[in-house]
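The values are calculated or read from the model by the stated rules, or taken from the named source; none is laboratory data. Nothing here was measured: the structure is a model prediction, and the numbers come from that model. Cβ: placed from backbone, ideal geometry, glycine included. Neighbour counts: every protein chain shown. These area figures cover heavy atoms from the full protein model, side chains too; ligands, DNA and RNA do not enter into them. Shrake-Rupley method; radii C 1.70, N 1.55, O 1.52, S 1.80 Å.
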Amino acid sequence: MTDIASQYRITAEGAGWAVKTGRGRLRFDGRDRLTFLQALVSNDVESLDEGRGVYAVYLTPQGRMLADMRLYHRGDYLLADVPAGETAALAARLDGLIFTEDVRVVDVSTTLRQLTVVGTTADAVIARALSIDAERVRALPVLSQLPVPGGFIARTDDADRPSFDVFIDSGSDAGGEAQMVQGLETAGAVAISPDVVEVLRI
């Protein structure tokens, strides 16, 4: 891998990819998943349409922040993108708040992998890698998603240039993370370090 300055230039002229090691993923199933989260987080979850997402924070009753998260409405479930170091504790805490609600909280961080693709040509690279229309990728609003074989892609606002997260089931018929990485690199993406991703975010 090249130095940080060179990697930064890669995202200015093309697209880079990295594993999002700093994030974990919680899946919420059950018919009460929306109302359950609506009562706990800072943003409106119940009004989310399928394929859309929202940024929210999870607070104590006293207003102390426990975690920030991105919530993605995936139709028959919700996915929360949360800080990796807090995933297990959050899952346990939220599970302990379920009483009569029909909700199940599962940490899927090891089975649902998360990559980021960022750079001026990120949308075109993703479109080539996944054989989808580049305009569909380019037109995605922030935190909105497109389904792809074995997972979905979501637009993010992590950088001042186009950025997307790719969520891929490690056990899917699509080949999982390794196959996705191969597809992205064949389409022109270059591996960059998580440090560069953090620099771009800041």
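Can you go through 129, 154 and tell me which one is out of contact with any helix residue (DSSP H, G or I) (no Cβ under 9 Å at 6 or more places or on another chain) and of a type in the set (Gly, Ala, Ser)? Show your work before the answer.
Values: 129 fails: out of contact with any helix residue (DSSP H, G or I) (no Cβ under 9 Å at 6 or more places or on another chain).
Residue meeting the stated conditions: 154.
Any residue in the range 181-193 that is open to solvent by 60 Å² or more (accessible area, probe 1.4 Å) and free of Cβ contacts under 8 Å to residues at least 60 places away in the same chain?
yes
From the residues in the range 45-65 that are assigned to a loop (DSSP other than H, G, I, E, B) and touching a residue at least 60 places away in the same chain (Cβ under 8 Å), which one is least open to solvent (accessible area, probe 1.4 Å)?
Looking at the filtered set, the residue picked out is 51.
Go over the candidates 94, 112, 130, 90 one by one and state the one that is hydrophobic (A, V, I, L, M, F, W, C) and within 19 Å of residue 16 (Cα to Cα).
Details: 94 fails: within 19 Å of residue 16 (Cα to Cα); 112 fails: within 19 Å of residue 16 (Cα to Cα); 90 fails: within 19 Å of residue 16 (Cα to Cα).
After ruling out the rest, the residue left standing is 130.
From the list 125, 137, 166, 106, which residue is outside any helix (DSSP H, G or I), farther than 22 Å from residue 33 by Cα and among the β-branched types (Val, Ile, Thr)?
Within the list 125, 137, 166, 106, the selection yields 166.
Pick from the range 14-38 the residues that are within 30 Å of residue 197 (Cβ to Cβ) and of a type in the set (A, V, I, L, M, F, W, C): which of them is surrounded by the fewest Cβ atoms within 10 Å (Cβ to Cβ)?
19
Six or more apart or on different chains, Cβ atoms under 6 Å: show the pairs whose first residue is in the range 137-155 and closer than 18 Å to residue 120 by Cα and whose second is surrounded by 21 or more Cβ atoms within 10 Å (Cβ to Cβ) and hydrophobic (A, V, I, L, M, F, W, C).
Close Cβ pairs satisfying both conditions: 137/126; 153/164; 153/166; 155/164.
For the range 98-108, state whether one or more residues are out of contact with any strand residue (DSSP E or B) (no Cβ under 6 Å at 6 or more places or on another chain), free of Cβ contacts under 8 Å to residues at least 60 places away in the same chain and surrounded by 15 or more Cβ atoms within 10 Å (Cβ to Cβ).
Within the range 98-108 (the criterion being out of contact with any strand residue (DSSP E or B) (no Cβ under 6 Å at 6 or more places or on another chain), free of Cβ contacts under 8 Å to residues at least 60 places away in the same chain and surrounded by 15 or more Cβ atoms within 10 Å (Cβ to Cβ)), the answer is no, since none of the residues qualifies.
Filter the range 1-13 down to the residues that are over 25 Å from residue 81 (Cα atoms) and of a type in the set (Ser, Thr, Tyr), then identify the one that is least open to solvent (accessible area, probe 1.4 Å).
Out of the qualifying residues, it is 6.
I'm checking my understanding of the structure. Among residues of the range 82-96 that are farther than 19 Å from residue 53 by Cβ and small (Gly, Ala, Ser), which one is least open to solvent (accessible area, probe 1.4 Å)?
91
For the range 22-37, which positions are of a type in the set (S, T, N, Q) and either part of a loop (DSSP other than H, G, I, E, B) or under 20 Å from the mean Cα position of the chain (by Cα) (or both)?
none
Give the range 109-120 a look and list any residue that's of a type in the set (Val, Ile, Thr), under 24 Å from residue 171 (Cα atoms) and open to solvent by 10 Å² or more (accessible area, probe 1.4 Å), or say none.
The answer is 110, 111.
In the range 39-73, which residues are hydrophobic (A, V, I, L, M, F, W, C) and closer than 26 Å to residue 196 by Cα?
54, 56, 57, 67, 69, 71
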